[in-house]
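A quick write-up on the structure given underneath.
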2 protein chains.
Amino acid sequence: MNRDTLLEQLHTRDRECRLLEKAVALLQWDQETQLPSEGVEERAEQTALLQSIWHGKLTDPQIGRLLTELGADGQTPGGDEKLPPRERDFCRVLRRNYDRAVKLPGDLVRDAARAEGLSQAAWVEARRNNDFASFAPHLTAMIGFARKKAGCWGFQGERTYDGLLDIYEPGLTAAETEALFTPLREGLSALLQKITRASQPETRFLDREYPVEEQARFNRELMEGLGFDTRRGRLDTSVHPFTSSLGFNDIRITTRYFPANVLSSVFSTIHESGHAFYELGLSPELRGSCLAEGASMAVHESQSRLWENVIGRSRPFWEWWLPRLKVHFPEQLLGVTPEAFYRAVNQVRPSLIRVDADEVSYALHIILRFELEKQLFSGSLRVEDLPGAWRRLMKELIGIEPPSDAEGVLQDVHWSMGSFGYFPSYALGNLYGLQFWEKLRRDIPETDALIRAGNLEPFHQWLREKIYSRGCCMEGAGLLAEVTGEKLSVEPFLRYVTEKYAALYGL
Amino acid sequence: MNRDTLLEQLHTRDRECRLLEKAVALLQWDQETQLPSEGVEERAEQTALLQSIWHGKLTDPQIGRLLTELGADGQTPGGDEKLPPRERDFCRVLRRNYDRAVKLPGDLVRDAARAEGLSQAAWVEARRNNDFASFAPHLTAMIGFARKKAGCWGFQGERTYDGLLDIYEPGLTAAETEALFTPLREGLSALLQKITRASQPETRFLDREYPVEEQARFNRELMEGLGFDTRRGRLDTSVHPFTSSLGFNDIRITTRYFPANVLSSVFSTIHESGHAFYELGLSPELRGSCLAEGASMAVHESQSRLWENVIGRSRPFWEWWLPRLKVHFPEQLLGVTPEAFYRAVNQVRPSLIRVDADEVSYALHIILRFELEKQLFSGSLRVEDLPGAWRRLMKELIGIEPPSDAEGVLQDVHWSMGSFGYFPSYALGNLYGLQFWEKLRRDIPETDALIRAGNLEPFHQWLREKIYSRGCCMEGAGLLAEVTGEKLSVEPFLRYVTEKYAALYGL
């Protein structure tokens, strides 16, 4: 076969994998947003079957053979150098996905999937009953499966945790992460301590009741005002907000509504819109291929956090949006100025729950999890000692201690699903985000004026061109270097929070 | 392999087919109710891939071998007589589905599917532009594919149309259908002519504006009041109302809302609920197998029409429901009595569009399509002569002529999809429905009092026990004989419409 035929065969196979991936994603999206309560059990069977068909296509040995024939054997650097650059990216990513999948024995995949189901159910119960002990054996099992998987991917012993980080941020090691997190922790802790001693803004107007139906109307307006093309996506309601890519032109976000917390729906919508903009901005040339994904989990998160925090919690943003929010809630917001609203949405307070944390303390919640994961995988921390370690480190990092494990070590779903090495990408997203943002501000000087005028299109254009359109043709570090000329660093983020919150809290 | 192992292997394979069928159904349901407009193209690719995987599983030669080993070779009557009755039903239905699928060559399936896509698109355009000529070549192609398929199934020459009817109503021939439709046509035509000369009820209160959001609230209340368990299903909005079975505990219906036509949403909801009750009433023992389907298309339709018309357009039904509807629309329905409402929802008028037709003329619309389909497949009617034939027969049967082909021969989607032989099941549903209903009334004498009290549970119980729970263990005629002791006949239906409308119109 000649090169073009080989490539065509590979693209056809990859295309089928992506179509199945999207079908699975629809089954899951539907489960979170539409599925009648009694339908859950059969949906699990449908999803499991489609996932196994998908996995079968992804691990078809013919993919490995075709890649090797094209010179992308995963071992010979430059073996594929005669391919056009785009096809080289394609082969590299497909090789990576293929190797990841085929290196896991079928037994392990099946056993781990079954155990994850049990573990998640046990976690739900344990959190409800504040009973870590009942969850501990499941967590031990999850750690065991993660260790085995990392081993299959070539990460043994001391490098086990590197192998888990590598799933989400290809190439990043625990040591490199720690080198970033140490100054991050110092900078944020110092800032948080100063803020804790300063006086807090007025936020009582946020405690009023904001009827849910009216919130939903505002959130639809907000989503479109942010630039979300609703011919290519939609907004729904779910217990936990998420973004789902169901096709190149079908990107769906969700939010959630609480009558006593209008900010929750608003910032979830902005956050998920940020993820959606990434997916909606992929180049049409990548459509339906394995390259039509974000560069890394952290880069994806950089966009949700950029939109939510840097843009969505900025003063000019609320100069534009507060009058619009007031149309929906005139009584609740009577007399509230954009400045007062800006201060209220940026209130910083040590808190127990990661997902509710402010911009200053959020990364400290992540660093806590990173530290504990590292210790769990190095063997220096035993599962039964985890709740105590959580409490101690929480006190040290954020200054408060959870009154219960439900509000402490049991608060996140991730570990119950065996997702270790995932948390760091949330904090790394902040770092990427601010490095991109500093570059964007050099290229587009009048950012504040644009935001104040509700004109976000120049940001979309810049972000699409520099980041979104490229999909995962480059990985995180490579993309960052290409766009900013820099290596991943904490300074831009620390500079941003320090300046913003020093001004807000008069430090 | 022993018998139990053979059966277990068959059940596993059948189960996977059903799970894939439901996954495809979800892709389609989502397309009709949720999908962003730009996502249609990629959804078609997703659906096509899943359908081909599903078809591959359905036609796995191992299914044929296992069935033959169990004595169900499709040719030797009684070959499977040593199996328990339920397994015999299972093998019979699976053999039928398997044979149907494997007898069609892959090329034919692929070519027909591609042509259907083009044909449907051409039909949409043709209807919009009132341009039958542009659709004619597609219709010719659709007829050609249907003829080829019937031939593959062993129905050639004069028996071609029998082969198409057999898809929807197993075993029923065109001659048998005609033997039913001839007296049906005579009875209904005579009744319609008499009604046309009688004076019409007052319906002006239906012309008022009924805001859509309020209609949606009432329809949710109605659905639950009919006995729809919303833990096992849901109600959504789509352009054309439909029922979709996405799982044993996941039956979804849709309706549509027009501000100037409150009856449209209400009767669509009742009609689709009738279909849903059938699916929701399947025995848990049939769950996830090929037996978990209605006995035939006509029997399924008998239930939607029974609920919509016999129950939903009855006097006692509106004695219970009108006060509830008035809570939502007090001004629009000021001073309207249940009797006046009952008369208004049963207005009979010759009309052009099948889906808007009343109980008396509906079956005449079907008979028109049946006559034309028969002639198209016997070769006595050419496609280019179809619009004229439609107009003449419409005049003859209903007494009016469509001013345009868009309101005539182009009104239904069915032919553009190659669904020939489908229409008759709508009218046969009326016949089945009234035969079941007469038996039900013998078993439950106080039907009117129950409906008047909003107590529909005894109907649900009876219908579940006699019809729904049995799935397709029996086919239409067999089920009817089992439940009523009768053969399919027009008398109960003609008796019902004649009595009801003679009283309504003072004939």
Quick one: with label points 7 Å out along Cα→Cβ, list the inter-copy distances for A:GLN31 in nm, shortest first?
2.4
Rounded to whole Å, give me the distance from the Cα center of region A:274-297 to that of region A:249-269.
22
Using the Cα centre of region B:3-102 as the reference point, and only Cβ charges (+1 on K/R, -1 on D/E), how large is the resulting charge dipole? Debye, rounded to the nearest 20.
480
When DSSP assigns beta bridges and you keep just the ones with both residues in chain A, what percent turn out antiparallel, to the nearest 5?
45
For the charge dipole of region B:299-442, defined by +1 on Lys and Arg C-beta atoms and -1 on Asp and Glu C-beta atoms about the Cα centroid, which residue among B:GLY429, B:SER378, B:TRP390 has the Cα displaced farthest towards the positive pole?
B:GLY429
Distance in nm between label sites at A:ASN130 and A:GLN347, each 7 Å beyond Cα in the beta-carbon direction?
2.4
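Go ahead and estimate [θ] at 222 nm for chain A from helices alone: -39,500 (n - 2.57) per DSSP H run with n ≥ 4, summed, over the residue count, rounded to 500.
One gets -20000 deg cm²/dmol as the mean residue ellipticity at 222 nm.
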For region B:207-222, in order, what is each residue's ³J(HN,Hα) by Karplus, 6.51 cos²θ - 1.76 cosθ + 1.60 with θ = phi - 60°, in whole Hz (x at glycine and Pro)?
7, 5, 8, 10, x, 4, 4, 6, 4, 4, 5, 5, 5, 5, 5, 4
Placed amide H near A:ASN261: partners under 5 Å, 5+ positions off or other chain
A:TYR210
At 7 Å along the Cα-to-beta-carbon direction for both A:ARG442 and A:GLU285, put a label point, then send me their distance in nm to one decimal.
2.5
Students often check this: by mean Cβ neighbours within 10 Å, which of B:492-499, B:60-67 ranks highest, and how do the rest follow?
B:492-499, B:60-67
Sequence neighbours fewer than 8 away in the same chain don't count; with that in mind, list the aspartates and glutamates whose C-alpha is under 17 Å from B:LYS82.
B:ASP4, B:GLU8, B:GLU69, B:ASP73
Taking only C-alpha pairs under 8 Å that are 6+ residues apart, what is the relative contact order of region B:72-210 in percent?
13
Across the identical copies, how the B:GLN62 labels are spaced - nm, sorted shortest first, 7 Å along Cα→Cβ
1.9
Return the equivalent ellipsoid semi-axes of chain B as a descending list in whole Å, where each equals the square root of 5 times an eigenvalue of the C-alpha gyration tensor.
36, 28, 24
What is the average number of partner chain Cβ atoms found within 10 Å of a Cβ in B:50-58?
2
In peptide A:17-24, how many Cβ atoms from other protein chains are near each Cβ within 10 Å, on average?
4
Calculated FRET efficiency, B:ILE400 and B:GLN461, Cβ-Cβ r, R0 41 Å, to nearest 0.05?
0.45
Of all beta bridges DSSP finds with both residues in the protein assembly as shown, what is the antiparallel percent, to the nearest 5?
45
With +1 assigned to the C-beta of every Lys and Arg and -1 to the C-beta of every Asp and Glu, and no other charges, what is the dipole magnitude of the protein assembly as shown about the Cα centre in debye, to the nearest 20?
140
If each label sits 7 angstrom from Cα along the C-beta direction, how far apart, in nm, is B:ARG217 from its counterparts in the other copies?
1.4
To the nearest 20 debye, what charge dipole does chain B have about its Cα centre, counting +1 at the Cβ of each Lys and Arg and -1 at the Cβ of each Asp and Glu?
460
Roughly how many whole Å is it from the C-alpha centroid of region A:154-177 to that of region A:19-48?
32
For region A:398-430 and region B:107-137, what is the separation of their C-alpha centers, rounded to whole Å?
55
Which of the peptides B:114-122, A:186-194 is most tightly packed, and how do the rest follow, going by the mean number of other Cβ atoms within 10 Å of each residue?
A:186-194, B:114-122
Which entries of B:LYS374/B:LYS395; A:LYS22/B:LYS148; B:LYS22/B:LYS439; B:LYS22/B:LYS374; A:LYS22/B:LYS149 have Cα-Cα distances beyond 30 Å here?
A:LYS22/B:LYS148; B:LYS22/B:LYS439; B:LYS22/B:LYS374; A:LYS22/B:LYS149
Please report B:TYR468, B:TYR161 as a ranked list, fewest other C-beta atoms within 10 angstrom at the top and most at the bottom.
B:TYR468, B:TYR161
Residues of region A:457-481 with amide nitrogen under 20 Å from the 7 Å Cα-to-Cβ point of A:GLU491?
A:477-481
Using DSSP to define loop residues, name the GluC sites (Glu not before Pro) in region A:195-260 whose beta-carbon has at most 16 other beta-carbon atoms within 10 Å.
A:GLU202, A:GLU209
Furthest towards positive pole of dipole, B:GLY157, B:GLN411, A:PHE90, structure part the protein assembly as shown, Cβ charges:
B:GLN411
In region A:3-102, with Lys and Arg counted as +1 and Asp and Glu as -1 at Cβ, which of these residues, A:PRO77, A:LEU67, A:VAL102, has the Cα nearest the positive end of the dipole, that is, farthest along it?
A:PRO77
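Read-outs throughout are calculated quantities, based only on the coordinates presented, and are distinct from any laboratory measurement. Quick caveat, the model's predicted, so the values are computed rather than measured. Cβ: placed from backbone, ideal geometry, glycine included. Neighbour counts: every protein chain shown.
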